[in-house]
Amino acid sequence: MRTISDIAREVADRLEAGDEELGRLESMSDLMKVRYMYVSGDCDAFAVALHRVTGWPIRRVSSEEHGSMHRLVQAPDGRLLDAAGWIDERELCRRYSVARVTLSPPGGEELAYVLGLDDDEVGIVPELFDAMLALRTFDWAPFGEPEFMSMAARPVVGADEPPTAEAGRQPD
């Protein structure tokens, strides 16, 4: 069974030895390495996992300077959520060094490669399974809060198997 440590090792393996990011990653905990991965590169899989758990719509984050940059979900109260936790538009601008961000629904084909299947099909791709493991293991807000943990502990539509205690934390 895969663990957060397995995913964290893959994050470091993706970077070349001379990459300046590798030095920063080496000092991070496994959870922070995985968080880094979902904030800086594999946000699609994490956004789809969050959507599957919460039912909240996925949003594309774009800017005039960089075009499409990130995916996350939007809660019914308007708050935005990604692997770093709750985030607002001002913080997104700071994170991506842009003056303004625009939120919009992603195109249907845009996330298709992450899912690898139609909504009616049963199955889950490895990237999505890893993202589910991560969101069930993260311990910062809101992921470590009982209400979210309860939502994340439920079997997810489209998963090959229901989550187990070994797959991540369970609510108290």
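Model label points for Y96 and A12, set 7 angstrom from Cα along the Cα-to-Cβ axis, are 3.0 nm apart.
Panel order for H70, H51, by other beta carbons found within 10 Å of each beta carbon, from fewest to most: H51, H70.
Magnitude of the charge dipole for the range 43-113, about its Cα centre and with charges confined to Cβ atoms of Lys, Arg (+1) and Asp, Glu (-1), is about 140 debye.
Full extension of the segment from S29 to D88, taken as 0.36 nm per residue of separation minus the current Cα-Cα distance, would add 18.7 nm.
Farthest toward the positive end of the dipole of the range 1-103, out of Y36, I7, V73, is the Cα of V73, where the dipole comes from beta carbon charges about the Cα centre.
Taken together, the values in this text are just the output of simple stated rules run on the coordinates, not laboratory data. Small disclaimer: the values here were computed from a predicted structure and weren't measured. Note: ideal-geometry Cβ built from the backbone for every residue, glycine included; neighbour counts use all protein chains shown.
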